[in-house]
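First comes the structure, then the notes that go with it.
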Amino acid sequence: MTKYKVYLLSILLPLVCLLSMKAQNTVILEHSETLSFDERRMPDAQILRGDVRFRHDSALMFCDSAYFFDKTNSLHAFGHVRMEQGDSLFGFADKLYYDGNAKFVRFRDNVKMIHRATVLTTDSLNYDRQRDLAYYYTGGTIADSLNTLTSIWGQYHTPSSQATFRREVKLTHPKFLMLADTLGYNSKTKIADIFGPTKVDYAGETEIFSNRGWYNTFTENSMLLDRSVIVQKGTQSLTGDTIFYDKVRGFGQVFHNMAMTDSAQKITLYGNYGEMYEVGRHGYTTDSALMVEWSDSLHFSYLHADTLYTENAPYIYRDSLVEKDSVYRQVRAFHNVRIYRDDMQAQCDSMTYNGLDSVITLYIDPICWSQENQLSADSVLIYLKNGAVDYLHGMGHAFAAKQEKDNLFGQMAGKEIYAYIQDGQLHRVELTGNAETIYYPIDESDSTYVGMNRTMSSYVKFYFVDKKIHHILFTAQTTGKLYPMDQIPPSEAELSGFFWAESERPHRPGDVFEHPVHIPRPGMAVKSAVSSATDKNAIKKKKKKKRNNEL
């Protein structure tokens with residue numbers, strides 16, 4: 001090949017490519033029953049009528065009549081307008097305006113665009129074929145096999161099936177209605193992206209409020225961010241920084257700053273991690289777990305533990321000989337339990353609360369405080385009445401103490417103890433089973449201590465008025481001795497098992513999160529859960545070692 005031929009090819013090849021590209025970008029009139037011109041009214045247009053068809057690369061356009069502007073590579077189509085792009089995109093309208101150079105379509109009046117199983121309807125739709133992007137701005141609807149979405153403004157990207165909606169957005173699902181100001185939606189994955197204030201309403205059964213996240217409308221799973229809220233039948237709500245919610249299973253999982261409220265039971269659970277189950281209305285929380293009970297608007301109860309469980313349990317009762325179904329609240333707390341109330345404070349390892357009979361049960365090294373009084377036992381039952389403490393029942397190694405002054409402590413010890421509260425003050429104490437007491441009688445004339453009285457009986461009952469002992473009832477077999485104040489033997493000043501744990505007492509709601517050093521509990525039969533588990537493991541190791549030696 002000579003250098004002249006090479007030079008000629010170098011000129012012709014770009015020219016051929018340019019002409020080929022121009023041909024591909026040219027709108028081609030493929031058919032029309034008539035063609036005419038009107039130089040006065042439409043000087044640059046070909047006037048086409050009857051079964052008009054245009055082709056532009058992969059797109060076909062059909063209409064009843066059209067103005068074709070070959071100089072500007074554009075057209076105006078009228079009547080039964082239809083556009084086909086490949087085998088998956090179809091557009092219908094009364095009018096169409098097409099710019100072939102920009103590959104830009106404007107559909108007008110009775111517009112419908114069908115992309116696979118997705119149908120978009122509106123009165124005005126623009127479609128950018130270069131970006132495969134359709135959008136409307138005067139109101140429209142996008143419907144697929146599952147959902148129907150309406151908004152004032154919307155756009156739809158055909159390759160990804162991703163749509164964006166703004167202003168008065170409504171997503172209608174067979175089970176729920178979603179309302180938003182801005183929403184993303186993918187008709188292929190059926191996932192709605194939440195970008196602003198959004199409400200999901202399950203016909204009053206469940207309401208979801210979120211500002212950011214996603215909602216899979218097919219599986220009804222969602223990830224909700226930015227302090228989202230789930231409300232169940234107006235009585236139970238779940239709030240958190242991040243919530244994973246499975247509506248079908250009725251399951252919610254919360255991360256960070258959780259608040260789970262039951263307004264019917266007047267209880268709120270807080271924590272940095274929690275789970276909620278709609279069946280049985282039960283859930284639990286951990287990591288800074290806190291339960292606040294607010295049935296009494298003036299006296300809240302604060303309960304902290306490593307882990308808190310709460311649930312509604314069903315029960316049947318009779319009303320006028322008619323059986324009725326109802327529910328009551330159950331609460332379980334495990335490890336490092338601490339309680340603060342205005343009328344009582346407590347701590348233990350584990351706790352249960354039964355709303356049916358309003359009883360709180362404290363297990364493993366429980367201690368209760370009421371005013372200046374401290375009560376402990378192997379287990380303690382706290383009975384509530386109208387939201388206030390009615391009485392306490394300590395069982396096994398029961399012990400009560402009250403600091404009189406300095407190192408003087410009134411003390412009671414026995415197998416069981418009952419402490420009754422009246423108007424927020426200790427009213428009566430009953431002690432049974434090898435009951436031992438130490439108390440300090442007061443001379444009413446000068447309010448000085450007479451001495452220390454130490455007694456032993458099978459049963460004793462103390463009555464209090466204005467926080468002081470008013471009178472005492474002993475059994476006939478009671479034995480005792482009164483020591484003058486200056487003749488009290490140090491060995492007699494404390495009952496077996498005495499300890500004073502005021503340093504562990506929560507004095508305000510925030511103290512329930514503290515973990516104070518435990519004062520030793522002498523003579524207590526029940527060990528902590530940790531030590532018990534350690535002992536069991538040690539026994540297992542010894543048995544295993546013995547078996548190995550035998551082998």
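The values are calculated or read from the model by the stated rules, or taken from the named source; none is laboratory data. It should be emphasised that the depicted structure is a prediction, and the values quoted were computed from it without experimental measurement. Cβ sites come from the backbone with ideal geometry, for glycine too, and all protein chains shown count toward neighbours.
Quickly run through region 148-174 and pick out the residues that are outside any strand (DSSP E or B) and of a type in the set (Gly, Ala, Ser).
At the first step, the residues of region 148-174 found to be outside any strand (DSSP E or B) are 152, 158-161, 173-174.
Correct list: 160, 161.
Taking residue 188, is it among the basic types (Lys, Arg) and outside any strand (DSSP E or B)? It would help to see each step written out before you state the result.
Values: among the basic types (Lys, Arg): yes; outside any strand (DSSP E or B): yes.
The answer is yes for residue 188.
Rundown of residues vs (1) under 19 Å from residue 152 (Cβ atoms); (2) buried (at least 22 other Cβ atoms within 10 Å of the Cβ); (3) touching a Lys or Arg at 6+ places or on another chain (Cβ under 8 Å), yes/no style:
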{"site": "67", "(1), (2), (3)": "no, no, no"}
{"site": "91", "(1), (2), (3)": "no, yes, yes"}
{"site": "95", "(1), (2), (3)": "no, no, yes"}
{"site": "105", "(1), (2), (3)": "no, yes, yes"}
{"site": "110", "(1), (2), (3)": "yes, no, no"}
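Among (1) farther than 23 Å from residue 123 by Cα; (2) at pLDDT 95 or above; (3) not in a loop (DSSP other than H, G, I, E, B), there is one condition residue 19 misses while meeting the rest; what is its number?
Just one mismatch for residue 19, condition (2).
Table: residues versus (1) farther than 30 Å from residue 515 by Cβ; (2) surrounded by fewer than 17 Cβ atoms within 10 Å (Cβ to Cβ).
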residue	(1), (2)
226	yes, yes
244	yes, yes
260	no, no
269	no, no
275	no, no
288	no, yes
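Condition test on residue 228, is it assigned to a strand (DSSP E or B) and hydroxyl-bearing (Ser, Thr, Tyr)?
On the way: assigned to a strand (DSSP E or B): yes; hydroxyl-bearing (Ser, Thr, Tyr): yes.
So residue 228 passes the test.
Tell me which residues, restricted to region 168-184, are in contact with a strand residue (DSSP E or B) (Cβ under 9 Å, 6 or more places away or on another chain), more than 12 Å from residue 195 (Cα to Cα) and of a type outside the set (A, V, I, L, M, F, W, C).
168, 170, 172, 173
Wholly within region 238-302, which strands (runs of 3 or more DSSP E) include no fewer than the required count, namely at least 1 residues that are touching a residue at least 24 places away in the same chain (Cβ under 8 Å) and either more than 14 Å from residue 331 (Cβ to Cβ) or assigned by TED's automatic domain parsing to the domain that holds residue 384 (or both)? Lay out the reasoning, then the answer.
Details: elements: 251-262, 267-277, 282-286, 290-293.
The qualifying strands (runs of 3 or more DSSP E) are 251-262, 267-277.
Show the residue pairs that are 6+ apart or on different chains and have beta-carbon atoms under 6 Å apart, the first residue being within region 207-219 and more than 15 Å from residue 181 (Cβ to Cβ), the second being surrounded by fewer than 23 Cβ atoms within 10 Å (Cβ to Cβ) and polar (S, T, N, Q).
217/147
Report every pair of residues separated by at least 6 positions or lying on different chains whose Cβ atoms are under 6 Å apart, first residue within region 447-461 and under 19 Å from residue 408 (Cβ atoms), second among the polar types (S, T, N, Q).
Listed pairs, sorted by first residue: 455/437; 455/478.
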